[in-house]
Each structure stands twice: as C-alpha cells, then as structure tokens.
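J.: Next up is a structure, given as structure tokens.
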Amino acid sequence: MAGLSAWFWNERFWLPHNVTWADLENPAPGVEYPKAGHLFTALPLALGIFVVRILFERFIAGPCARSLHIHQGAGRRAQPNAVLEKVFTSITKNPDSRHLDGLSKQLDWEVRKVQRWFRHRRNQDKPSTHTKFCESMWRFTFYLCIFTYGFQFLWQSPWMWDTRHCWYGYPYQDFLIMFIHHLATVSLISFSYVNNMARVGSLVLCVHDASDFLLEAAKMTNYAKYQRLCDFLFIVFSVAFFITRLVIYPIWVLNSTMFESWAIVGPYPSWWVFNVLLLVLQVLHIIWSYLIARIAIKAILRGKVGNDVRSDIESSSEDESASPTQGFKTSPYPCKGENGTNGHCASAKARAQNHNSW
C-alpha cells in the first residue's frame, strides 16, 4: 500500500521540476496552499447543499410553480396486474410484438389493451411538470449564484485580464479563497486543485457557468407554457453557449493552459494529463454545440422549442417512438527565462508572494 501511495503521489508527475510536496506543505507565515485533503470537505458540503435543495424546492420553487398554475398532477395510473408488472420490472418496459402477442393470449386481452397498460405504466415513472419545474428553478438559482460569485471574484483578479498570471510564480500561489469555489467540481477541477492549478481552474468554471442558468430559465418558461419567452431564452442560451464554449474557451483557456503555461512554467507529466482532459472537454463542446444548433434551428423553423426528454405524457401512437429532440502566439518551446520553472523554481518561489499580491 505504501508503494502504491508513493507511486500515485510521485512529485515528478504532479509538480514542475525542482518543486516538492514539502515546499507546498511548509509555506511562509500567513500563506496557505491548497492541499488534496481539503477535497474531503466536499462530502459534508454536498450533503448540506442537498438539504438546501430539498428545502428550496419545497418552500420556494413549489409555491412559485403553483402560482403559475403548474400543479402536481396525479396522472393516469396503470391498473394493478401482477403478470404485466413482473414483465415490466424484470424483462422489458417496452415489449415487442412477440411479447405483446404472448401476453395478450395469456391474459385474454386485446393487444392494444396490453400496449396501453405498458404506456400508462411507463408514464407513472416519469416526473410531473411540477417536479421538473422545481428542479429547473433550483438549478437556475444555483447556477446563477455560482456564476455571479465567480464572475465577481474573477473581475478583481489579474488572471482574468491577462491569463499569464495563472502561471507566474506557479505553484507557489496563495489561493485559499478559491477552495470554496473548487468544491463544486468533480474530476477536472479536483485534478487542478491537487496540483494547485486553481487559477486556471477558476477560468474554466467561469466559462462553463456563463450559460447554464439560461438553459434552466428556458425550461422553467416551457413548463409554465410561456412558449415565446421559452423560445427567446433558448436562443439566447444557444448563442451564449456557442460563444463561451467554441470561442472564449479555446482562445482564452486552452491558449493559456497549452502555450502560456509551457512558456512560463514548462511541461511535466500531470501538465499533459490536465491539457488532454481540457481538449476532451472541447470535443464535447463541439458535439453539444451541434446538438443544440439542431434544436435551435428546429425551434426557429417550427416556432417552438422541443419538449423535455422526460415528457409527462407518452405518445399513444402504436410505434411509440421517442422524440429526436431532447431537453435540451507564444512559442510552443520551453522558456528559460527567469519566470519559468525550467531550472528556475527557486527564483519563482522567491517572487511568489509579490505576484500573489497583484
């Protein structure tokens, strides 16, 4: 176990040359660096956020839904039937013609009646419009608050205006305040926290938070049946998504992580992993943008945004097919200048406090 731990926390993978974990564990008085152990605090925080969500949906989102005449609908429930229930839970929720014929003969029911039972049974498990509205209102509020907090903080940070400041003095950067912001992440931002790439991680969060609340706002207006407002918000969301994910992210974030960091800090093993993850994220951005563009174009041509994939009422057509629309300059060579860590980490550490005060 000790050997595995030593292999996983190998300094030459996580940190630039001439930097050790001991350098980060013993900072100067009044300075504190992020530590991997801080991430365990995310567990009780996640529980606390879950409790807040339950209270928010019950006492705030629920009354708002009712004021917009979005009520909890009982819906049509399938009549109790032990044979069909067993097939539904253990074999298939959408039986083919062979199963339908067999069940029809076994129960002495018409095939259409068996189809109707399975349709009603599937609809039982789908959340109501009231539930979906409350979920979207929570996500809208959470995303908007997180984005507002992050943008307000970054507005005062020099690395928002000049991304090279993400790498000056790296990894000797006092960045305790961003710990709270980083708790909202799962994998990529956790990775950035372990090796103290918190500054550039905050830029990634800002880009991704910029459009999420607009999508939830569009969903809310859709559930409330304000269709024109829904279409408008979805188009605004689409434009914001394209600009942040296809323009700002590659030009602002990827340029800094791949080229500016190479020139100022220099590459090391975890640097490659971090950038590969960011490039994978960009590929996902392109795929998502294509799907969103399809929905947006259809909305413009048809005059209506497609329904949420978790539709309350399933189509009664015999084919019962699913809807296709768903919810919605720097040189690349190592710099040997005094700001880099390619043999100059000692001078970087000496200047770190000065850079942190910017």
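J.: Within the stretch 252-270, take every residue that is buried (at least 21 other Cβ atoms within 10 Å of the Cβ) and over 18 Å from Ser202 (Cβ atoms) and give me the one that is modelled with the lowest pLDDT.
T.: Across the stretch 252-270, the extreme among qualifying residues is Gly266.
J.: I would also like to ask the following. Would you point out which residue out of Ser136, Ser97 is at pLDDT 90 or above, more than 34 Å from the chain's Cα centre (by Cα) and not aromatic (Phe, Trp, Tyr)? Give the derivation first.
T.: Details: Ser136 fails: more than 34 Å from the chain's Cα centre (by Cα).
None of the other options fit; the residue is Ser97.
J.: Identify, please: which residue in the stretch 271-296 is at pLDDT 85 or above and more than 20 Å from the chain's Cα centre (by Cα) and is, among those, least open to solvent (accessible area, probe 1.4 Å)?
T.: That would be Arg294.
J.: May I pose another question? Of all the residues that make up the stretch 4-40, how many are closer than 22 Å to Ala263 by Cβ and either part of a loop (DSSP other than H, G, I, E, B) or open to solvent by 60 Å² or more (accessible area, probe 1.4 Å) (or both)?
T.: Result for the stretch 4-40: 7.
J.: Ok, one more. In the list Arg77, Arg58, Arg66, which residue meets the criterion of being assigned to a loop (DSSP other than H, G, I, E, B), out of contact with any strand residue (DSSP E or B) (no Cβ under 6 Å at 6 or more places or on another chain) and either open to solvent by less than 30 Å² (accessible area, probe 1.4 Å) or not assigned by the TED database to the domain that holds Arg121 (or both)?
T.: Working: Arg58 fails: assigned to a loop (DSSP other than H, G, I, E, B); Arg66 fails: assigned to a loop (DSSP other than H, G, I, E, B).
After ruling out the rest, the residue left standing is Arg77.
J.: Among the acidic types (Asp, Glu), open to solvent by 40 Å² or more (accessible area, probe 1.4 Å) and part of a helix (DSSP H, G or I): does that describe Glu135? Break it down stepwise before answering.
T.: Working: among the acidic types (Asp, Glu): yes; open to solvent by 40 Å² or more (accessible area, probe 1.4 Å): no; part of a helix (DSSP H, G or I): yes.
Taking the combined requirement at face value, the residue does not satisfy it.
J.: More than 30 Å from Asp174 (Cβ to Cβ), polar (S, T, N, Q) and surrounded by 12 or more Cβ atoms within 10 Å (Cβ to Cβ), is that true of Ser90?
T.: Details: more than 30 Å from Asp174 (Cβ to Cβ): yes; polar (S, T, N, Q): yes; surrounded by 12 or more Cβ atoms within 10 Å (Cβ to Cβ): no.
So Ser90 does not fit the description; no.
J.: Something else: Ser256: of a type in the set (S, T, N, Q), closer than 22 Å to Ile146 by Cα, in the same structural domain as Phe133 (by the TED database) and out of contact with any strand residue (DSSP E or B) (no Cβ under 6 Å at 6 or more places or on another chain), yes or no?
T.: Details: of a type in the set (S, T, N, Q): yes; closer than 22 Å to Ile146 by Cα: no; in the same structural domain as Phe133 (by the TED database): yes; out of contact with any strand residue (DSSP E or B) (no Cβ under 6 Å at 6 or more places or on another chain): yes.
Considered against the rule, which asks whether it is of a type in the set (S, T, N, Q), closer than 22 Å to Ile146 by Cα, in the same structural domain as Phe133 (by the TED database) and out of contact with any strand residue (DSSP E or B) (no Cβ under 6 Å at 6 or more places or on another chain), Ser256 comes out as no.
The values are calculated or read from the model by the stated rules, or taken from the named source; none is laboratory data. Everything numeric in this text was worked out from a predicted model, so none of it was measured. Quick reminder, even Gly has a Cβ in these numbers, built from the backbone with ideal geometry, and neighbours come from all protein chains shown. Accessible surface areas use protein heavy atoms only, side chains included; no ligands, DNA or RNA. Shrake-Rupley method; radii C 1.70, N 1.55, O 1.52, S 1.80 Å.
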